[in-house]
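The values are calculated or read from the model by the stated rules, or taken from the named source; none is laboratory data. Just so it is clear, the structure is predicted and the values come from calculations on it, not from any experiment. Glycine also receives a Cβ, built like all others from the backbone with ideal geometry; neighbour counts cover every protein chain displayed. Just so you know, the surface numbers come from the protein's heavy atoms only, side chains and all, with ligands and any DNA or RNA stripped out. Shrake-Rupley method; radii C 1.70, N 1.55, O 1.52, S 1.80 Å.
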Amino acid sequence: MNFLDRNEFNFTPSQEVIDTIRNFDIGKFCFYTRIYDEGKKSIFSVWLSEKFGIPENQILLGYGAEDLLKNAVHYFLTQGDNNRMMIPKFSWWYYKSIADEVDGETLQYPVLETDDSFCYDLDGLKEMIERVHPRILLLATPNNPTGNGLTPQEIGDVMKMVADDTVVLVDEAYASFVTTETEYIKTLTEQYPNIIICRTLSKFYGLPGLRMGFGFSGKSTLMDKFARYANKYLGYDRLSEEVAIAAMKSDEHYRKIADVMDEARKMYTEELGCLPGFKVYRSSANFILIKYPLEKKGDLQKAFVSEQYKVKFMNEPDLNQHMRITLGRSQQNRKVCDIILSVCKQ
Ligand SMILES: Cc1ncc(COP(=O)(O)O)c(C=O)c1O
């Protein structure tokens, strides 16, 4: 089966990652890390602190970004009496699910459709923030499944819209596909005490099975308390922390893979974008969103099953004639395009 439905990685890890796993000293599993004695979380948080120029105590680690997001949502929605979280109208289903787990109220802010993309409506967002006064404002950039995002400048503009007691949780799971520039993370965390930016090894660095996510928080007493809440006192998986560092040291390998994905984006846009009833949305993540004529859904689903390919057919209000396709190896992308053409080209 070809899994192109959950934004996973259909390529090979970098040589540094492979070597780190092969050469790992198994003896390390017999002991907890001793780094706690130095007041640090992990060799990975220390490494991130140096790479991003952000103090180690403002680095968060989690079992995937999933874990960080869940910890943040559970923590902030259950402190005090404001349990409202604003999320994008179309977004990862998990945000609402984790808010529901603690009886949080989720309110959706608009994501507008444009000619070839989606975009956030910053004026609409500002109006809604003032009306709702959320405890958490969740920004996803790039957003899953719509693929649109915010520039660092726009994230700064949004920070200025919120009250001091609103925590802005920025999910940047796919951000490394957009740019290698990360200086803005330091700037934002220095400027705003109420920001948390989450990233992951699962997407650009192709290690969803590693379950390693990391984040950066602003500097405040509240964030210190949250960091203690989210911290694992006895440390993190000692193999995962080494593998994570190895992956993030091999940007060049992963950038080449991102180039293969760019080629695929071009192919889908050129070959499907002009078909009647189709729209291929602009995106810079490891997936692409495609609108297709709804009457073809059954035939498309059958064709994908018979060719042993899995893609994600969206099924939510106003986003139900769309499929989200993970960008894979060139021959997989070619095959998916051919399957769609065989069903939909007159
Ligand atoms: C927007 C977004 N954030 C976070 C995640 C989860 O990342 P992780 O594997 O690090 O938990 C996903 C996974 O698909 C995602 O789409």
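Values for this structure:
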{"quantity": "Some residue of the range 181-200 being part of a loop (DSSP other than H, G, I, E, B) and β-branched (V, I, T)", "calculated": "yes"}
{"quantity": "Lone unmet requirement of (1) surrounded by fewer than 16 Cβ atoms within 10 Å (Cβ to Cβ); (2) farther than 19 Å from T187 by Cβ; (3) touching a Ser or Thr at 6+ places or on another chain (Cβ under 9 Å) for G124", "calculated": "(3)"}
{"quantity": "Filter pass, S217 being closer than 24 Å to S14 by Cβ, at pLDDT 95 or above and more than 9 Å from the ligand (Cβ to nearest atom)", "calculated": "no"}
{"quantity": "Residue list for the range 223-236, filter: buried (at least 20 other Cβ atoms within 10 Å of the Cβ) and in a loop (DSSP other than H, G, I, E, B)", "calculated": "Y236"}
{"quantity": "Flag for L327 being under 20 Å from D116 (Cβ atoms) and out of contact with any helix residue (DSSP H, G or I) (no Cβ under 8 Å at 6 or more places or on another chain)", "calculated": "no"}
{"quantity": "Filter result (open to solvent by less than 20 Å² (accessible area, probe 1.4 Å), in a helix (DSSP H, G or I) and within 16 Å of the ligand (Cβ to nearest atom)) within the range 53-93", "calculated": "G64, A65, L68, L69, A72, V73"}
{"quantity": "In the range 139-168, the residues that are of a type in the set (S, T, Y) and free of Cβ contacts under 8 Å to residues at least 12 places away in the same chain", "calculated": "T151"}
{"quantity": "Some residue of the range 157-169 being under 29 Å from K291 (Cβ atoms) and surrounded by fewer than 17 Cβ atoms within 10 Å (Cβ to Cβ)", "calculated": "no"}
